[in-house]
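For reference, the structure is listed below as structure tokens.
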Amino acid sequence: MTHGGSDGLVVDAEVRRGSFTLAVSLTAAPGQVLGLLGPNGAGKSTLLSAVAGLTPISAGRIALAGQVMDDADSGTFVESAGRPVGFVFQNYRLFPHMTVAENVAFSPRARGLGRQAAQAAARHWMARLRLTDLAGRKPAQLSGGQAQRVALARALAGQPALLLLDEPLSALDAGTRLDVQAELKLHLADFAGPCLLVTHDPIEALVLADQLIVLEGGRIVQEGTPAQIARRPATDYVAKLVGLNLYQGRADGSQVVLSGGGSFVVADHGQHGDVLVAVRPSAILVSTESPQHSSARNTWPAKISGLTLLADRVRLDLEGQPPALADVTPAAVAELSLDPGRQVWLTTKATDLEVYAPGRRQVPSDVRTLPYSHDRT
Amino acid sequence: MASLAAPSRLTQRERARRAARGGAPRSVPPPLLVPALIAVAFLVLPLIGLLIRAPWGHLGAALSGSDATQALVLSLWTATTATGISLVIGVPLAWVLARTSFPGQRLLRALVTLPLVLPPVVGGVALLLAFGRTGFAGRVLDSWFGLTIPFTPIAVVMAETFVAMPFLIITVEGALRSADQGFEEAAATLGAKRMTVFWRVTLPLVAPSLGAGAVLCWARALGEFGATITFAGSFPGQTETMPIAVYYALENDPDAAIALSLVLLVVSIAVLVSLRDHWLRGGSVA
């Protein structure tokens, strides 16, 4: 590990749990919110657990601000209680027998402040997170959004040097989630240390994180800014999350032969060899007859295999060479009788196809990038 | 071939009940009802006998006999002391059994729960052989400290602790096992050292089971007879606890025996009421 930030969090470690192995190498600078995005079972929570000292690592090391917290080779290990972390757990884990004030005062007290000073610290953080009116309540009497704020206040009251958030919004209903998310973003901006944020919600990741790491099967498959990852997904999982069609193929100038069948004409940037091609579902036009005299360079037949109503549009699931997702308006579905089984023509412009090399930084060669599959799982 | 059976009558009320709660007729088939009623009679009749024969007119007089009062006082403080000792040493053992693993742990758990099924008199004999004046531990206590345990109030407390502590241990161990350890992890990430976690998170979370286990332990200690009479004897004012006093009073002062029994019955009912949430809901025992 050489890249950057000896004053931040540096993880270069492996955690083995039965047959599952998590192997990651990452850094998070002070003030940075590093989002960990990935499907269930990717190892996101295991990573947080290792950083917090709840799960010892099997190989490598974890250091914060240049100080080793866990080193499997030398055997160095700092117990959880000795690590300056603030952990917001997925279901918050607020102590049910304590009031909000007692929960928030717990960490200052445990870290050595006297009773008065701990209560003063708790009052300060409760005021910052608008919890003063709830000070006397028990966790069972809180709404989801309130409990989330208490969990954050409790973690921050211990004045951690590192903040760990495990799906902080997943326990909330959709209605309160947006408000809490906006507020959380403000508090994360105020936090001076590095912050790891685990999520499987792409919106949450895009809104809250400065930098994203995508974990799949215990490996980092992609890292970059949220915008980079949203525009050029490296794997099928990310493509699905951000709602893109993703194809793997071999480029030869403006021609890309897709490994799943079919081919594309793309804007020629002189690319050769293995590439990924991403295209937005809204950039694929659907017509019921073979289009004539079009400027679009790619036209292929397909069959409608399914329709999904999204908020304001209908997403068509299309079988063809290659298969695709395409977005159309509900009116178009009615006017063109776009029913399952219907034969249609798909068109897309070469300039709407994003072509890029796979295997961005730290993508292991054994992670396969599949063309967009149509499993409705 | 199946054929349609003769219909019976179903009232509107019964129809509504079955529709709401679903399922089978509410009446009990006779082959189940009769034995069930016999069982109820068997359990309830003796208590009725006790209530019928109680010297209601002079209950106070029967209880104020000096032996009875002494026995009551002795029973109360020894049972309470035994419960206190069980809390101090039994809860840590429950934690060790629930939260650690080491070779021989299953054997240890079996040994700890043995007094639950062991005839108490055997426990008394064992205590006597260990702590008696010639026992291997008793000899040391006797020669080093001049301490003789058998047939003293200390022996009463020891016998009661031996028999009753397992009730507390298994209750608390079960609670610790099923407690969500996520809270303890959370406490650790908040900087709490292990004993802080124990006092401020673990114990409060199992407090209901701790209370239930302590009440159960106390009730068992209060009713202890076999181990106590074997190890501590029955010296009035010294080692004669309520159950032992009842047993002896039955011969020469039946009214006092019945009055004392009523007191124990009332205590038992009080214990049952205090444990109702924990035990009487059906299903989960601690």
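Structure summary
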item	result
Any hit, region A:74-86, residues being closer than 22 Å to A:F191 by Cβ, within 20 Å of the chain's Cα centre (by Cα) and among the charged types (D, E, K, R)	no
Single residue of B:A192, B:A186 found to be within 11 Å of chain A (Cβ to nearest Cβ) and not in a helix (DSSP H, G or I)	B:A192
Subset of region B:84-107 [within 30 Å of B:T148 (Cβ to Cβ) and either without any contact (Cβ under 8 Å) to a residue 12 or more places away in the chain or of a type outside the set (A, V, I, L, M, F, W, C) (or both)]	B:G84, B:S86, B:V88, B:G90, B:P92
Every residue from region A:150-168 that is among the charged types (D, E, K, R) and more than 10 Å from chain B (Cβ to nearest Cβ)	A:D166, A:E167
In region A:71-92, residue nearest to A:S143 (Cα to Cα) [restricted to those that are among the aromatic types (F, W, Y) and at the interface with chain B (Cβ under 8 Å from one of its Cβ atoms)]	A:F89
Which listed residue, of B:A175, B:A110, B:A126, B:A164, is of a type outside the set (S, T, N, Q) and within 14 Å of another protein chain (Cβ to nearest Cβ)	B:A175
Selection count where residues are of a type in the set (F, W, Y), at pLDDT below 85 and in contact with a Pro (Cβ under 9 Å, 6 or more places away or on another chain), scope region A:331-377	1
Residue selected from region A:63-101 under the condition of a type in the set (V, I, T) and out of contact with any strand residue (DSSP E or B) (no Cβ under 7 Å at 6 or more places or on another chain), by the criterion surrounded by the most Cβ atoms within 10 Å (Cβ to Cβ)	A:V100
Unique match (being touching a strand residue (DSSP E or B) at 6+ places or on another chain (Cβ under 8 Å), at positive phi and either in contact (Cβ under 8 Å) with a residue 12 or more places away in the chain or at the interface with another protein chain (Cβ under 10 Å from one of its Cβ atoms) (or both)) among A:G112, A:G60	A:G60
Residue check for B:D142: surrounded by 14 or more Cβ atoms within 10 Å (Cβ to Cβ), among the charged types (D, E, K, R) and touching a residue at least 40 places away in the same chain (Cβ under 8 Å)	no
Residue match in region B:161-176 (condition: in a loop (DSSP other than H, G, I, E, B) and of a type outside the set (D, E, K, R))	no
Answer residue from region A:125-138, given it is of a type in the set (G, A, S) and assigned to a loop (DSSP other than H, G, I, E, B) and is farthest from A:G86 (Cα to Cα) among those	A:G136
Residue identified as small (G, A, S), at negative phi and more than 12 Å from the chain's Cα centre (by Cα) among A:A251, A:A230	A:A251
Qualifying residue in region A:270-286 (condition: touching an Asp or Glu at 6+ places or on another chain (Cβ under 6 Å) and farther than 30 Å from A:L215 by Cα)	no
Sole residue being in contact with a His (Cβ under 8 Å, 6 or more places away or on another chain) and away from chain A (no Cβ under 14 Å), chosen from B:A155, B:A227, B:A245, B:A212	B:A212
Residues being out of contact with any helix residue (DSSP H, G or I) (no Cβ under 6 Å at 6 or more places or on another chain) and either of a type outside the set (D, E, K, R) or not in a helix (DSSP H, G or I) (or both) - total across region A:239-248	6
Qualifying residue in region B:193-209 (condition: surrounded by 16 or more Cβ atoms within 10 Å (Cβ to Cβ) and either under 19 Å from B:T78 (Cβ atoms) or touching a Lys or Arg at 6+ places or on another chain (Cβ under 8 Å) (or both))	no
Residue list for region A:249-272, restricted to those being among the polar types (S, T, N, Q) and outside any loop (DSSP other than H, G, I, E, B)	A:Q255, A:S263
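Quick grid of which residues meet (1) under 21 Å from the mean Cα position of the chain (by Cα); (2) in a loop (DSSP other than H, G, I, E, B); (3) in contact (Cβ under 8 Å) with a residue 40 or more places away in the chain:
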position: B:W199; (1), (2), (3): no, no, no
position: B:S209; (1), (2), (3): yes, no, yes
position: B:A219; (1), (2), (3): yes, no, yes
position: B:E224; (1), (2), (3): yes, yes, yes
position: B:T228; (1), (2), (3): yes, no, yes
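The values are calculated or read from the model by the stated rules, or taken from the named source; none is laboratory data. Bear in mind that the values here come from a model prediction, so they are computed numbers and not experimental data. Every residue, glycine among them, receives a Cβ derived from its backbone with ideal geometry; neighbour counts consider all protein chains shown.
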